[in-house]
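Nothing in this text is a laboratory measurement; each read-out follows from the coordinates by a stated rule. All of these numbers come straight from a predicted model, not from anything done at the bench. Reconstructed Cβ throughout: ideal geometry from the backbone, glycine too, with neighbour counts over all protein chains shown.
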Amino acid sequence: MRFRPRNHREDNPEIFAQLVKNNPYMALVYDYPELLLPHPTPENFQQLWSVKKRAVSDAHSVKSHVEIGCGSGRYLIELAKQNPQDLFLGLELRYKRLVFAAKKIKQQNISNILLMRERGEFIDEYLPLNSIDCLHINFPDPWSKKSRRKNRILSADFLNRMHPYFCSGAELRFKTDHLEYFETVTGILQELDNFKIVEHTTDLHRSDFNGNNILTEFELLFKSKGNPPIGYLSAKPLNK
Ligand SMILES: C[S@@+](CC[C@H](N)C(=O)[O-])C[C@H]1O[C@@H](n2cnc3c(N)ncnc32)[C@H](O)[C@@H]1O
């Protein structure tokens with residue numbers, strides 16, 4: 001079993017009280033039990049995900065989207081509003097961003113999003129094989145230093161591990177302002193024989209793909225600060 005973050009709120013309230021003094025959002029993440037799992041397990045995830053699924057539709061064919069590193073939820077919320085028939089799962093590590101996202105989702109009465117505090121690398125512990133219709137990864141931490149690049153979420157190993165979890169006809173969407181990271185992921189996808197790039201640009205905002213683009217929080221910030229080129233690609237998992 002891999003290490004799961006300790007639940008100090010339940011196991012050690014004194015330590016929890018100290019931590020909350022430094023970061024009040026560590027307590028606020030518990031205010032949204034209907035849409036945010038601060039300590040997800042495959043069991044509590046499955047329970048809430050099924051509730052969300054039933055709320056969206058009785059049909060089996062609900063599409064599932066996953067966003068890794070959803071930040072304060074701008075992109076996920078907009079996408080969920082545009083696709084009320086689909087289900088959306090947002091993974092994020094930072095407490096404050098999770099609380100901001102949950103607050104907006106609740107205020108806007110959006111019922112097709114579930115958030116959890118979890119690392120994207122572990123998504124395969126929660127979802128069954130052949131279940132992801134679209135995996136969105138927007139502006140992931142670039143780990144620019146060469147010695148740290150092994151920490152990047154998008155690697156050949158991660159993509160190969162994720163491949164069985166995609167449905168037939170599924171999609172991976174990735175955008176970043178870090179063009180070296182973008183070129184590296186492009187190269188990895190070109191070398192893998194189980195993915196095919198179907199959309200690709202190194203300057204999203206000045207490309208034909210911009211019309212359907214939903215801005216993330218980071219993207220908005222970049223736009224206001226000189227609008228540097230953004231790499232965007234969409235890839236299809238093959239043999240599904
Ligand atoms: C640069 S920010 C981008 C946030 C958002 N996608 C946007 O574009 O505005 C990267 C986000 O990924 C989250 N993150 C970093 N590593 C992660 C991981 N392994 N799993 C899930 N989220 C992660 C960070 O906490 C941060 O909020």
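Taking the criterion of being within 21 Å of the chain's Cα centre (by Cα) and over 18 Å from ILE105 (Cβ atoms), the residues of the range 1-43 that qualify are ARG2, PHE3, ARG4, PRO5, MET26, HIS39, THR41, PRO42, GLU43.
Taking each residue of the range 98-123 that is within 15 Å of PHE88 (Cβ to Cβ) and looking for partners that are among the basic types (Lys, Arg) and away from the ligand (no atom under 13 Å from the Cβ) with beta-carbon atoms closer than 8 Å, six or more apart or interchain, yields GLN108/LYS81; ILE110/LYS81; SER111/LYS52; ASN112/LYS52; ILE113/LYS52; LEU114/LYS52. Suppose the filter is in contact (Cβ under 8 Å) with a residue 12 or more places away in the chain, assigned to a strand (DSSP E or B) and within 12 Å of the ligand (Cβ to nearest atom); does GLY90 pass it? Criteria met by GLY90.
Look at the range 168-186: where a residue is farther than 16 Å from HIS136 by Cβ and a partner is away from the ligand (no atom under 15 Å from the Cβ), sitting 6+ places away or on another chain with Cβ atoms under 6 Å, you get SER168/LYS240. Considering (1) crowded, with 16+ Cβ neighbours inside 10 Å; (2) within 23 Å of ILE188 (Cα to Cα), the lone condition that LEU87 does not fulfil carries the number (2). Selection over the range 136-170 of residues that are within 12 Å of the ligand (Cβ to nearest atom) and either aliphatic (A, V, I, L, M) or closer than 24 Å to VAL99 by Cα (or both) gives a count of 9.
Annotation: of all residues in the range 48-75 being assigned to a helix (DSSP H, G or I) and near the ligand (Cβ under 7 Å from one of its atoms), the one that is surrounded by the fewest Cβ atoms within 10 Å (Cβ to Cβ) is ARG74.
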